[in-house]
Amino acid sequence: MGPFLKEGKSVLLAYDQGLEHGPSVDFDDRNVDPRFVMELAAKGKFNGVVFQKGVAERFYDGRLPLIVKLNGKTSLPKGEPVSRQVCSVDHAISIGAKGVGYTIYLGSGFESEMFSEFGRIQEQAHQRGIAAIAWIYPRGGAVANDSTKEVVAYAARAGLELGADAVKIKYTGDPDSFSWAVRSAAGMKVFMSGGPKAPTDDAFLEQVRGVMKGGGTGVAVGRNVWQNAHPAAMAEKVRAAVFGS
Ligand code: FBP
């Protein structure tokens, strides 16, 4: 995770929602343009930016470390969630990636398929000296609530057991319960996944402070920054909450 850390902490900017949710759900006239987000990522001093390969190939310009998401899905299919690999580790490296990301829907009926794809990806990434980051979201018919202390800690631990360098998990709602997920990760880096835009800046920043208090590494945030009316200022506030200045 070296390229993505400063003093052991990190703020990553995620921009794969165009595939996951669709442009009409998440984007406006400004942030529909990947150039806007590339500029924000660089000027906002993020420690890394997350793109799918198509956006990375066209818009990544090397000003900060890149994570390429290797799987993805749209919001259109119904049923048990599954997200399969759409980009190889070698291709991600060829377009500049210093890390690869992969989403696992823990508890889904397709969990084992995602485990085995991530297993191969983790080995290839480590053979080539880059980081393998697991987005682990408990989801599917067997999961009643994806943000409880127990299920989020299970996600963190699954990341450790599967060999991830870092895991990106939901917030549990308070620092104490989040710290159980951090302890379950046993030293692996733990990022909070931003989630839909919070009602106020402070509401989101309170979550970020809770993550850090609970021992987290930082946040991988998307909508709460690039949907903000003042994204650069919000990026600065998130950095301050993570780095404590
Ligand atoms: P946000 O901060 O916008 O929530 O981004 C984090 C992220 O993990 C993205 O990488 C991904 O596109 C999205 O959330 C997935 O959201 P969902 O919970 O709807 O699957």
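The values are calculated or read from the model by the stated rules, or taken from the named source; none is laboratory data. This structure is a prediction, so every number in the text was calculated from the model and none was measured. A quick note on method: Cβ atoms are made from the backbone with ideal geometry, for glycine too, and the neighbour counts reach across all protein chains shown. Note: accessible area is taken over every heavy atom of the protein model, side chains too, but ligands, DNA and RNA are not part of it. Shrake-Rupley method; radii C 1.70, N 1.55, O 1.52, S 1.80 Å.
Comparing ASP61, ASP29, ASP16, which has the greatest mean-square fluctuation in the GNM of the chain with Cα pairs linked when under 10 Å apart? Looking only at ASP61, ASP29, ASP16, the largest GNM fluctuation is found for ASP29. Here the chain is treated as a sphere whose radius is the Kirkwood value from Cα pairs; by Stokes-Einstein at 10 °C and 1.306 mPa s it diffuses with a coefficient of 90 µm²/s.
On full extension, the segment bounded by LYS213 and GLU80 gains 44.5 nm, given 0.36 nm per residue less the C-alpha separation.
In this view, the solvent-accessible surface of ILE169, computed with a 1.4 Å probe and all protein chains in place, comes to about 0 Å². Heavy-atom accessible surface of VAL151, to the nearest 10 Å², is about 30 Å², with a 1.4 Å probe and all protein chains retained. Label sites at ASP176 and SER88, each approximated as a point 7 angstrom past Cα along Cα to Cβ, lie 5.1 nm apart. For the chain, adding -39500 (n - 2.57) for each run of n ≥ 4 DSSP H residues and dividing by the number of residues yields -11500 deg cm²/dmol at 222 nm.
What share of all Cα pairs of region 1-76, in percent, falls into each consecutive 10 Å distance bin? Per 10 Å bin, starting at zero, the Cα-Cα P(r) for region 1-76 comes out as 19, 51, 26, 4, 0 percent. Find the percent of Cα-Cα distances in region 96-219 that exceed 26 Å, and round it to a whole number. So the portion of pairs separated by more than 26 Å is 19 percent. By the Cα gyration tensor, region 153-245 has an equivalent ellipsoid whose semi-axes, rounded to whole angstrom, run 24, 12, 11 from largest to smallest. Taking a cut-off of 16 Å between Cα atoms, list the lysines near LYS9, but don't count ones fewer than 8 places away on the same chain. Partners within reach: LYS45, LYS168, LYS189, LYS213, LYS237.
Pairs exceeding a 31 Å alpha-carbon distance, out of LYS6/LYS149; LYS78/LYS149; LYS78/LYS98: LYS78/LYS98.
Apolar share of the accessible surface for the chain: 52 percent from carbon plus sulfur atoms, 1.4 Å probe.
Across MET212, MET38, the residue with the most accessible area heads the list, and the full order at a 1.4 Å probe is MET212, MET38.
Relative contact order of the chain: 17 percent, from C-alpha pairs under 8 Å at least 6 residues apart in sequence.
Subtracting the Cα-Cα distance of ARG63 and PHE110 from their residue separation scaled by 0.36 nm leaves 13.3 nm.
Between the alpha-carbon centres of region 10-26 and region 42-67 there is a gap of 13 Å. The stretch between ALA142 and GLU236, if pulled fully straight at 0.36 nm per residue, gains 30.0 nm over its current Cα-Cα span.
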